[in-house]
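Chemist: My questions will all concern the structure given below.
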Amino acid sequence: MTERKIESLYNQIYKHPLFRGLVEKEFYRLIEKCSLKHYKKASKVLYSKTPREGLLLILEGMVEVYVEGETNHQNKEVLEVLQTGDSIGFSSLADFLGEKTHHHTKYTVSVVAVEDSYCLQIPFSVLEERWIDEQVRDYVLRQVAVRLKDIYASLADQIQLASQFGESEPFVRRVQDIMAQPALSVDENVTIQQVAQIMVDHSKSSVVVLSNERLVGIITEKDLVSRVISKQRPLTNPVRDVMTKKPITISRESYYYEALSSFLMNGIKHLPVVDGDKVVGVITLADLLRKKNRGTLEILQTIEESTFDNLGNVKVAIYEVLGNLLNDRIPILNTLEVITKLYDRLVKHCIDLAVKSVEKKGLGKPPVSFCWYQMGSGGRGEQFLLTDQDHFLVFDNGADDEEINHYFEKLGEEIVVFLEQAGYVRCIGKMMSNEETWRGSIYKWRDRLKGWALRATNENLLLVQNFFSFRLLYGDEVLNDRFKDMVTSHVKKSGTILYRLTELEKERPVPNLDHPIRAMFRLEKNSIDIKIDALFPLHHCLQTLSTLHGVVEGTPSDRITALVRLGVFNDAFAEELRDAFEVILGIRVTQAWAKYQRGEKSSSKITFTHLKSRDKEALIKALKTVKELQQQLLGAFGIL
């Protein structure tokens, strides 16, 4: 740990309720009896048989408390996930307080770091010295009460899920629990003929390829058909000539949903499973489909086979997946990653159907290449409930060709109709590709951007903000690169739009909620509009700042990563932004989903009395980070 890191952690400890109020000399005397610990991701924090000799306070990171299987230590049941501010060791307070226990095995749970974590080991001797402080006793009592409540709630959830789904696999199952092991492997010099025979002999659809025991590739049945049989390659050639080099892999410690997300994002069906540099197994999409016995993953087939008449069924299936992910408390960014991929598949399928429909109506196939972009929450990759349509269309047409314009007018209308049938309502502001103002050639889009810059009214700026959330979802990659180059070039030549967008941020400062109680009294009816006051400032500042530095497309996470790479953000601030984004989005999604389940009208207003204390504090911290981002944007344009 660096000296700066240690100082930062000690400052955090000094303000903690267990040490608050101590004079500096007394604080450091007690701290000398404690130990500052750093646990890397996946490392054991506590073993099941390790005696608990105090409390372990989590300063940064996240840990998992679980029970190992009696016969197979790879099988485990997660009891709870603890985060920054939580403590481990409350179960041992009975010993500390002198109460007798009658358990034969006192310590039955293990603890592992889910991510890099910093913890403070506080021996019971220190706690005993602090026990005379009424505030310390009150804090410990409240923590025990909250933990007891959470455990009972978790137990009730598990019983309910077990009753509802029987022996179904929970979404938090690890990859190592599902993978086929050991991995079927061959040397890179083995012939194609030998590999094919090995696959037949072992009834496997894939084989990993090694060189000196290092993973260098993978070959599947599909590879044999597309790269060997169809191209009539000699079967005596070595497998390295036709394998997929540097395949995407996944850690054995990864979760089920991470594997699913990897399959969906990369369009693959086989993932080598690794433990460090060693291949320990293989997991396939079919494995996930078999293990996930809730029927929700049949949605992939449902999407591909849907027609105009039954497109609406897909929405119901996706909502079921969303509900399961939220019930299983999967991290919100991972949840939306999975849901976004499902929505993307649905939208792409709708566009495919629209293209075929236009062809059947006598207009033929697309006369030139085109790109279709999503905007808004869909463009940012954070849509969870289907909302209104937000999209535009770009086609490759330098001249004012009436026939080409007519084709894309009809295609734009057809896309809107199919998306509406799937559950996307029409945009009230008409920001859809069936509208002439939201489709056109690259040249028309260039003129459109010029027009927005020349008439930078508040109304036009709102259109620009939505436009800058665009994400390619369908179409020609070459045309997409040309379009992005045009946008980047135009922004460089004219900084008017970005300057005016920054002025808007100055007019709409992020609320400064420096204390939970004061925040409740300062906000109308003890509520905050999580979209307007938190998400929108974060999005708009990231979009404007990244566009200023030549990054005109991508999700918020993509833009943060790009700005770190460009040296605009340092790693520490980027991590704070990601945390803030996850906190704000998590509250937004869970609150909106709860309203949807209760049949209430959708709203982004969040009432403070409906939030847990931890969520309130996390939200206040997140808003401070967004405000810092807003100030950084204002500083970049000299608007302070």
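The values are calculated or read from the model by the stated rules, or taken from the named source; none is laboratory data. Since the model is a prediction, treat every value here as computed from it, not as a measurement. Every residue, glycine among them, receives a Cβ derived from its backbone with ideal geometry; neighbour counts consider all protein chains shown.
Chemist: Would you be able to say whether some residue in segment 242-257 is surrounded by fewer than 14 Cβ atoms within 10 Å (Cβ to Cβ), over 32 Å from the mean Cα position of the chain (by Cα) and farther than 30 Å from LEU342 by Cβ?
Modeler: no
Chemist: Starting from segment 613-640, take each residue that is under 19 Å from GLU503 (Cα atoms) and list its partners that are β-branched (Val, Ile, Thr), counting only C-beta distances under 7 angstrom and pairs at least six apart or across chains.
Modeler: Close Cβ pairs (under 7 Å, with a partner that is β-branched (Val, Ile, Thr)) amount to VAL626/VAL510; LYS627/VAL510; GLN630/VAL510; LEU633/THR502; LEU633/THR544; LEU634/THR502; PHE637/THR502; ILE639/THR502.
Chemist: Would a scan of segment 528-539 turn up a residue that is surrounded by fewer than 19 Cβ atoms within 10 Å (Cβ to Cβ) and either in contact with a Leu (Cβ under 8 Å, 6 or more places away or on another chain) or assigned to a strand (DSSP E or B) (or both)?
Modeler: yes
Chemist: Given (1) closer than 29 Å to SER494 by Cα; (2) assigned by TED's automatic domain parsing to the domain that holds PRO367; (3) assigned to a loop (DSSP other than H, G, I, E, B), identify the lone condition not met by GLY440.
Modeler: Only one criterion is unmet by GLY440, namely (3).
Chemist: Could you look through segment 118-165, keep only residues that are of a type in the set (S, T, N, Q) and either closer than 24 Å to GLY61 by Cα or at pLDDT below 65 (or both), and pick out the one that is farthest from the chain's Cα centre (by Cα)?
Modeler: Selected residue: GLN121.
Chemist: Can you find, within segment 583-608, the residue that is farthest from ASP529 (Cα to Cα) among those that are surrounded by 12 or more Cβ atoms within 10 Å (Cβ to Cβ) and among the small types (Gly, Ala, Ser)?
Modeler: Across segment 583-608, the extreme among qualifying residues is ALA594.
Chemist: What residue, of TYR424, TYR443, TYR407, is surrounded by fewer than 19 Cβ atoms within 10 Å (Cβ to Cβ), touching a residue at least 24 places away in the same chain (Cβ under 8 Å) and aromatic (Phe, Trp, Tyr)?
Modeler: Result: TYR443 is the single residue among TYR424, TYR443, TYR407 that is surrounded by fewer than 19 Cβ atoms within 10 Å (Cβ to Cβ), touching a residue at least 24 places away in the same chain (Cβ under 8 Å) and aromatic (Phe, Trp, Tyr).
Okay, residues lined up against (1) touching a Phe, Trp or Tyr at 6+ places or on another chain (Cβ under 8 Å); (2) at pLDDT below 90; (3) within 20 Å of GLY412 (Cα to Cα):
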residue: ARG446; (1), (2), (3): no, no, yes
residue: LEU454; (1), (2), (3): no, yes, no
residue: ASN466; (1), (2), (3): no, no, yes
residue: LEU472; (1), (2), (3): yes, no, yes
residue: GLU477; (1), (2), (3): no, yes, yes
residue: PHE483; (1), (2), (3): yes, no, yes
residue: GLY495; (1), (2), (3): no, yes, no
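Chemist: Follow-up. Under 9 Å between Cβ atoms, at least 6 apart or on separate chains: pull out the pairs that start in segment 563-589 with a residue that is among the charged types (D, E, K, R) and end on any residue that is outside any helix (DSSP H, G or I).
Modeler: Hits for this filter: GLU582/PRO331; ARG588/GLU382; ARG588/PHE384; ARG588/SER604; ARG588/ILE606.
Chemist: Might you check whether a residue that is of a type outside the set (Ser, Thr, Tyr), farther than 28 Å from ALA42 by Cβ and in the same structural domain as VAL279 (by TED's automatic domain parsing) occurs anywhere in segment 210-217?
Modeler: Checked segment 210-217: no residue is of a type outside the set (Ser, Thr, Tyr), farther than 28 Å from ALA42 by Cβ and in the same structural domain as VAL279 (by TED's automatic domain parsing).
Chemist: For residues that are of a type in the set (A, V, I, L, M) and modelled with pLDDT of 80 or more, tally how many sit in segment 290-316.
Modeler: Adding up the residues that qualify gives 3.
Chemist: Condition check: in the same structural domain as LEU385 (by TED's automatic domain parsing) and either surrounded by fewer than 20 Cβ atoms within 10 Å (Cβ to Cβ) or touching a helix residue (DSSP H, G or I) at 6+ places or on another chain (Cβ under 6 Å) (or both). Does ASN434 satisfy that?
Modeler: Yes.
Chemist: Based on this model, can you work out whether VAL112 counts as assigned by TED's automatic domain parsing to the domain that holds ALA42, modelled with pLDDT of 85 or more and under 30 Å from ILE250 (Cα atoms)?
Modeler: On the way: assigned by TED's automatic domain parsing to the domain that holds ALA42: yes; modelled with pLDDT of 85 or more: yes; under 30 Å from ILE250 (Cα atoms): yes.
Criteria met by VAL112.
Chemist: If you take the residues in segment 609-621 that are at pLDDT 85 or above and of a type outside the set (Lys, Arg), which one is surrounded by the fewest Cβ atoms within 10 Å (Cβ to Cβ)? Quick ask: steps written out before the conclusion?
Modeler: Within segment 609-621, the first condition is being at pLDDT 85 or above, and the residues that meet it are 618-621.
Add one more test, that the residue is of a type outside the set (Lys, Arg), and what stays is 618-620.
Working: ALA618: 22, LEU619: 24, ILE620: 18.
It comes out as ILE620.
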